[in-house]
Amino acid sequence: MSANRRTLHSALLELALTALMLFVVATTVRWLMGTLDPAAGGWWNVPEGRLLAVAPLSGYTVTAVMLSPWGRVTGGHINPAITLAMWRYGRTPGRDVAPFIAGQLLGSLLGIAAGRLVWGPVFASPAVEFAVIRPAPGWSWAAVAVIEAATMFVIVAVAGIGVSSRGLGPFTPWAVGTMIAAQIIAFGTLSGGIANPAREFGPALFSGDLSLLPVYLLAPPLGALAATVVINGITTRRRTTAQMSTTEEPAPAPQP
């Protein structure tokens, strides 16, 4: 298979995987966040309570995608920020970056379209509104940007450590899924807690709520690129130190 055909094949897989992820998100929001009944009382009928179920479903869906046969072909990025990070880590060829990101964004639209088709008008109702993300009242775009960039910085830094280590590599998908779940629990009712441009792209376009879409599109990639600078710098210094230690000749023994 030629390089161009491999790129197209992988980009289509990223499209399909992202569409699947967004459909899972759509279904989760429809049946968990979309059925909140605060009047009924109890911890289960407040957003914070439902996030305890939403978070692991979302986080470990990403893990499942990464471990799937298709995910093993592409890396299971399903996130433009991760694609940029894997390129900077040398794991994804530069020619794949734009097609991957285009596939992920289109997959986001298709996943939300599937959610609307399967779940009907209720998916467009105010209670669900295409699973669009909104921060809590009082959160400025700057505050959202800081949280989105910072959480993606941590995720990409941990992923970078994992992919550069044979011992830690097999645990990386689980670590990423766990961190995604943790950030949803921590920030889901505050900044939105998504750290994935593809997660917001489809819902924002379908709902027409584009007010913070630029922040959700740009902040995670900036955080991801910053993390690669730090991790690549640490890796380069370690390699240089190791090379210097192996090339240094031992000092001659003193003559009697």
Over region 54-104: Rg over Rh, Cα atoms, Kirkwood Rh = 1.00
note = L222 and W70 label points (each 7 Å along its Cα→Cβ direction) are spaced in nm at 3.2
ask   = What whole-number value in Å² describes the accessible area per residue of region 58-121 for a 1.4 Å probe?
value = 43
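Give, to the nearest whole percent, the P(r) tail of region 124-164 beyond 10 angstrom, counting all Cα pairs. Display every interim value, and only then the final one.
On the way: 630 of 820 pairs.
Value for region 124-164 (Cα pairs over 10 Å): 77 percent.
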request  = Take the chain, drop everything but the C-alpha atoms, weight them equally and run the Debye formula without solvent; then report log10 I(q)/I(0) at 0.08, 0.17 Å⁻¹ to two decimals.
outcome  = -0.34, -1.31
inquiry  = Per residue of region 99-112, what does 6.51 cos²θ - 1.76 cosθ + 1.60 with θ = phi - 60° give for ³J(HN,Hα)? Whole Hz please, x for Gly and Pro, Karplus curve as stated.
reply    = x, 4, 5, 4, x, 5, 5, 5, x, 4, 5, 5, x, 6
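Please report the carbon-and-sulfur percent of the accessible area for region 1-144; probe 1.4 Å, protein heavy atoms only, DNA, RNA and ligands left out. Before the final figure, lay out the partial values.
Numbers: 4730 of 6910 Å².
Here carbon and sulfur together make up 68 percent of the probe-accessible area.
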ask   = Using alpha-carbon positions, what is the distance between the centroids of region 1-76 and region 106-152, in Å?
value = 12
request  = Whole number in Å², please: accessible area per residue of region 127-171, 1.4 Å probe, ligands, DNA and RNA not counted.
outcome  = 51
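Evaluate the charge dipole of region 111-256 about its Cα centre and quote only its size in Debye, nearest 20, assuming +1 on the Cβ of each Lys and Arg and -1 on the Cβ of each Asp and Glu. Provide the component values of the computation, followed by the final result.
Values: 7 positive and 6 negative charges, 34 e Å.
Computed about the Cα centre, the dipole is about 160 debye.
What is the ratio of the Cα radius of gyration of region 140-191 to 2.2 N^0.38 Å, with N the residue count, to two decimals? Can you show the working numbers first?
On the way: Rg = 12.6 Å, N = 52, 2.2 N^0.38 = 9.9 Å.
Here the Cα radius of gyration is 1.28 times the empirical estimate.
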note = Computed over region 4-65, the distribution of all Cα-Cα distances in 5 Å bins, rounded to whole %, is 4, 17, 20, 17, 13, 10, 8, 5, 3, 2, 1, 0
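Ratio of Rg to Rh for region 9-157, alpha carbon only, Kirkwood?
On the way: Rg = 16.7 Å, Rh = 16.7 Å.
We get a ratio of 1.00 for region 9-157.
For region 106-256, what is the Kirkwood estimate of the hydrodynamic radius, computed as the reciprocal of the mean inverse distance between distinct Cα atoms, to one decimal in Å? If you can, show how the numbers build up before the last one.
Numbers: mean 1/r = 0.0554 Å⁻¹.
Taking every pair of different Cα atoms in region 106-256, averaging 1/r and inverting gives 18.0 Å.
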task = Mind telling me which of A150, A136, A40 comes out most flexible in a GNM of the chain, alpha-carbon contacts under 10 Å?
result = A40
remark   = When the charge dipole of the chain is computed with +1 at the Cβ of Lys and Arg and -1 at the Cβ of Asp and Glu, the Cα pointing farthest to the positive end, of T240, A159, M66, is that of T240
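The values are calculated or read from the model by the stated rules, or taken from the named source; none is laboratory data. The structure displayed is predicted, hence computed values, not measured ones. All Cβ positions, even for glycine, are placed from backbone atoms using ideal geometry, and neighbour counts span all protein chains on display. Accessible surface areas use protein heavy atoms only, side chains included; no ligands, DNA or RNA. Shrake-Rupley method; radii C 1.70, N 1.55, O 1.52, S 1.80 Å.
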